[in-house]
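Chemist: Okay, here's the structure, questions in a sec.
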Amino acid sequence: MYKFDGEKKRKSIEGALKLRPEINQIADKLWEDVFDNICWFGIGGTYASAMQAYIHMKEKTNIEVFYEHAAEFLTTGNKRITEKTIVIISSVTGSTTEMVDGVKKLKQIGAKIVGFIDIATAQLAQDVDYLISYPENEQLKFFMFADRIMQLNGEFDDYEEYYAELDEHLAEALVQVEIDADKFALEFAELHHKDDIHYFVGTGNQWGATYSYAMCYWEEQHWIRTKSVQSAEFFHGMFEIVDRDTNVTVYVGEDSQRSLSERVAKFIPQICGRYTIIDTKDYKLSGISGKYRGSLSHHVMHAVNNRIDVHIEHLNRHPMTIRRYYRQLDY
């Protein structure tokens, strides 16, 4: 395998899971206050994670939840965001202009802001009302906050059972996914690392990840043209431009929207010769009950994509840290 440190990955996930008491303390404090709604707020990759958290919650809670794009908020605002709104943000550097300015505007409104900021000394970390600083694992941190709120609202009866399994088994299980996916990932990378364009199709709690993987990984980091397509929308335009030689990857998860991707996966072989189906069911999650796999599908797919990324990086001799324009020019 190329560039895989299983122990580092395991410790990273375990460390994120150990944040749960701190996350719960913040959620519990906010729960005691009067609030009207919850807003997941981001831009780029963090906006994608906001989509995932929203989809995760909208199926399970009667609390009003929505997601907001930082740049759009700065131009058009959002009347649903008030002093009785809980806003959750995430940032790696804490210096993205739209997020910094967005938080300033949120503070003027009086919203309560929970920030998952990787760099605790960043200005953005000082501007939020509640700070948790720990690198990576963005979706895991978001979902832990969402799950605690839903437990407090009486909508997650087996919360303790669920997180007991995650605490005990998730880190090792996801490390094993990367190990098991490596051979496939190399073959996939060898086939597609020079694609002129690649289409990624996904839905459910990993739609945000599909959107992000196309944009933030293949476009921004690999410099490969892509488009992300929602599985439910595939048959409303996109499939008309697919032919024998179109590069298409369909993500099939195990949450409630699985059937939407299964429909695409069943149809695509009729018209396409360069398609790939990645199904999270093909990977073991030892120690995790079947009833919980759907909520974890996006983590499985992320682990598979991690292996694809390192192989593309190697094949193209293009480090993923290099950018043409991002933070290189004024824009």
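Chemist: Per 10 Å bin from zero, what fraction in whole % of the C-alpha pairs of segment 88-221 is there, up to the bin with the longest pair?
Modeler: For segment 88-221, the binned pair fractions read 10, 26, 34, 23, 6, 0 percent.
Chemist: What is the spin-label model distance, in nm, from Lys8 to Ala120 if the labels are put 7 Å beyond Cα along the C-beta direction?
Modeler: For Lys8 paired with Ala120, the spin-label model returns 2.2 nm.
Chemist: Something else about it: Placing unit charges on C-beta atoms (Lys and Arg positive, Asp and Glu negative, everything else neutral), compute the dipole magnitude of the chain about its Cα centre in debye, rounded to 20.
Modeler: 620 debye
Chemist: Please give the direction-averaged projected area of the C-alpha convex hull for the chain, in square nanometres with one decimal.
Modeler: Computed as one quarter of the Cα hull surface, the answer is 16.7 nm².
Chemist: Using alpha carbons only, how many angstrom separate the centre of segment 1-57 from the centre of segment 235-309?
Modeler: Between the Cα centres of segment 1-57 and segment 235-309 lies a distance of 23 Å.
Chemist: Taking the alpha-carbon distance from Lys79 and a cut-off under 17 Å, which lysines remain once sequence neighbours fewer than 8 residues away in the same chain are dropped?
Modeler: Lys104, Lys105, Lys107, Lys112
Chemist: Next question. Report, to the nearest 10°, how far helix 20-32 tilts away from the longest principal axis of the Cα atoms in the chain, using its own Cα long axis and a range of 0 to 90°.
Modeler: Taking Cα atoms only, the helix is inclined about 50 degrees.
Chemist: May I ask for the net charge around Ala146, where only other residues with Cβ less than 13 Å from the Cβ of Ala146 are counted and Lys, Arg are +1 while Asp, Glu are -1?
Modeler: Charge balance near Ala146 sits at +1.
Chemist: Just subtract the alpha-carbon distance of Asp196 and Glu219 from 0.36 nm times their residue separation and send over the number in nm, one decimal.
Modeler: Value of the extension gain: 7.1 nm.
Chemist: Next question. Suppose a student asked you for the relative contact order of the chain, using Cα pairs under 8 Å spaced at least 6 residues apart; what percent would you report?
Modeler: 17 percent
Chemist: Give the aspartates and glutamates whose C-alpha is closer than 15 Å to that of Lys141, dropping any in the same chain fewer than 8 places away, or say none.
Modeler: Straight-line reach from Lys141, under 15 Å: Glu14, Glu22, Asp118, Asp167.
Chemist: Can you give the FRET efficiency for Arg324 and Val92, using 1/(1 + (r/R0)^6), R0 = 25 Å, r = Cβ-Cβ distance, to the nearest 0.05?
Modeler: Plugging the Cβ-Cβ distance into 1/(1 + (r/R0)^6) gives 0.85.
Chemist: Ratio of alpha-carbon Rg to the 2.2 N^0.38 Å globular estimate for segment 262-305, to two decimals, please.
Modeler: Compared with the compact-globule rule of thumb, segment 262-305 sits at 1.39.
Chemist: Tell me, what is the per residue accessible area of the chain in Å², probe radius 1.4 Å?
Modeler: With all protein chains present, the chain gives 46 Å² per residue.
Chemist: Which loop-located trypsin sites (Lys or Arg not before Pro) does segment 1-81 contain, where loop means any DSSP state but H, G, I, E or B and the Cβ has at most 13 other Cβ atoms within 10 Å?
Modeler: Filter output for segment 1-81: Lys3, Lys18, Lys79, Arg80.
Chemist: In a shell of Cβ-Cβ distance under 15 Å around Val65, excluding Val65 itself, what net charge do Lys and Arg (+1) and Asp and Glu (-1) give?
Modeler: Around Val65, the surrounding residues sum to 0.
Chemist: Can you tell me which aspartates and glutamates have their Cα less than 15 Å from the Cα of Lys8? Leave out same-chain residues fewer than eight positions away.
Modeler: Correct list for Lys8: Glu136, Glu172, Glu178.
Chemist: Hey, another quick one. Over the chain, with a Gaussian network built from C-alpha contacts below 10 Å, which listed residue (Asp158, Asp255, Asp129) shows the highest mean-square fluctuation?
Modeler: Asp158
Chemist: Work out from phi, with θ = phi - 60° and the Karplus expression 6.51 cos²θ - 1.76 cosθ + 1.60, the ³J(HN,Hα) of each residue of segment 48-63, listed in order in whole Hz, and give x for Gly and Pro.
Modeler: Working through the residues one at a time gives 4, 5, 4, 4, 4, 5, 4, 4, 4, 7, 5, 7, 10, 10, 9, 6 Hz.
Chemist: Using a Gaussian network for the chain with springs between C-alpha atoms less than 10 Å apart, which of these wobbles most: Met99, Met238, Met215?
Modeler: Per the Cα network of the chain with a 10 Å cutoff, Met238 tops the list.
Chemist: Still on this structure, please answer the following. Just round it to a whole percent: the fraction of Cα-Cα distances in segment 195-331 exceeding 26 Å.
Modeler: Roughly 27 percent, rounded to a whole number.
Chemist: Give me the dipole magnitude in Debye, nearest 20, for segment 142-230 about the Cα centre, with unit charges on the beta carbon: positive for Lys and Arg, negative for Asp and Glu.
Modeler: Dipole size: approximately 720 debye.
Chemist: Sticking with this structure for a sec: Cα-Cα over 19 Å: which of Lys9/Lys284; Lys11/Lys183; Lys9/Lys58; Lys18/Lys291; Lys194/Lys266?
Modeler: Lys11/Lys183; Lys9/Lys58; Lys18/Lys291; Lys194/Lys266
Chemist: Quick check on segment 39-142: what does the Kirkwood estimate of hydrodynamic radius come out to from the alpha carbon pairs, in Å?
Modeler: Its Kirkwood hydrodynamic radius stands at 13.4 Å.
Chemist: So, one more: Could you work out how far helix 297-315 tilts from the main Cα principal axis of the chain, as a 0 to 90 degree angle to the nearest 10?
Modeler: 60 degrees
The values are calculated or read from the model by the stated rules, or taken from the named source; none is laboratory data. These numbers come from a predicted model, not from an experiment. Here the Cβ is made from the backbone with ideal geometry for all residues, glycine too, and neighbour counts use every protein chain on show. Calculation scope for accessible area: heavy atoms of the full protein, side chains included, ligands and nucleic acids excluded. Shrake-Rupley method; radii C 1.70, N 1.55, O 1.52, S 1.80 Å.
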